[in-house]
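Right, one structure below, let's go through it.
Laboratory data are not the source of any read-out in this text; all were calculated from the coordinates shown. Please read all numbers here as calculations on a predicted model, not as lab measurements. Every residue, glycine among them, receives a Cβ derived from its backbone with ideal geometry; neighbour counts consider all protein chains shown.
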Amino acid sequence: MADRDATMKISLPDEAAHVAFGESLGRALAGRGVVHLQGELGAGKTTLARGILHAYGYRGAVKSPTYTLVEPYRLAGLRVNHFDLYRLGDPEELEFIGARDLFDADSLNLIEWPSRGAGWLPTPDLVVSLSVSGPGRQAHIKAETAYGEAVIDRLSAPSVD
């Protein structure tokens, strides 16, 4: 657990802001870590994942891997694994598909519906909770590790142009 209460909230008034925030988050993550993406259906978890993937140069379609459970991406020498555990019947199913091999220090793992993998998934560096707010979304980001705190620090730092 993080030593200090490293959190941030951000308003995402439209899809463009949502994707742009995902790109900023992707840059701050520097291609590694475990990120839990929480929120109801339609809250924008996959949209945020698309923005994160954009940070590493991916411009193709990003669909939630609901039936395959994980979609791996190899981008600019990085490995990004996008999980969607919505249809997971039992966390042990992750063992059967070889997911444990995907969680290493040199990969970024984005996990939608992480509660479905409770007890099996590694501790997240960040938990991003998304909620609908009028026509936009609200994002609440909480660090769970020292690396997560560093990511929030990078996100919070003023940009230098």
Quiz item: Which distance in Å, rounded to a whole number, links the C-alpha centroids of region 109-161 and region 18-52?
Solution: 8 Å
Quiz item: Exposure proxy check: H82, H140 ranked by fewest other beta carbons within 10 Å?
Solution: H140, H82
Quiz prompt | Acute angle (nearest 10 degrees) that the helix 146-156 long axis makes with the longest principal axis of the chain, alpha-carbon atoms | solution = 40 degrees
Self-check item: Nearest-ten-degree value, helix 15-29 long axis tilted from longest Cα axis of the chain
Solution: 80 degrees
Quiz item: Per residue of the chain, what 222 nm ellipticity follows from adding -39500 (n - 2.57) for every DSSP H run with n ≥ 4, rounded to the nearest 500?
Solution: -7500 deg cm²/dmol
Quiz item: Once the Cα atoms of helix 45-54 and of the chain are each reduced to a long axis, what angle between those two axes, in degrees from 0 to 90 to the nearest 10, is obtained?
Solution: 70 degrees
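Step by step: find N for region 7-156, compute 2.2 N^0.38 Å, then divide the Cα radius of gyration by it. What's the final number?
Values: Rg = 14.1 Å, N = 150, 2.2 N^0.38 = 14.8 Å.
That works out to 0.95 for region 7-156.
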Exercise. Please identify every one of the chymotrypsin sites (Phe, Trp or Tyr not before Pro) in region 1-75 that sits in a loop by DSSP and has no more than 14 other beta carbons within 10 Å of its own beta carbon.
Key: Y67
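Out of the trypsin sites (Lys or Arg not before Pro) in region 68-103, which ones are loop residues according to DSSP with at most 13 other C-beta atoms within 10 Å?
On the way: sites: R74, R79, R87, R100; in loops: R87.
Filter output for region 68-103: R87.
Shape of region 114-159 from its Cα gyration tensor (a ≥ b ≥ c, root eigenvalues): rounded if a/c is under 1.5, otherwise prolate when a/b > b/c, or oblate?
Oblate.
Antiparallel DSSP bridges in region 1-122: what percent, to the nearest 5?
On the way: 6 of 17 bridges.
Of all bridge pairs located within region 1-122, approximately 35 percent are antiparallel.
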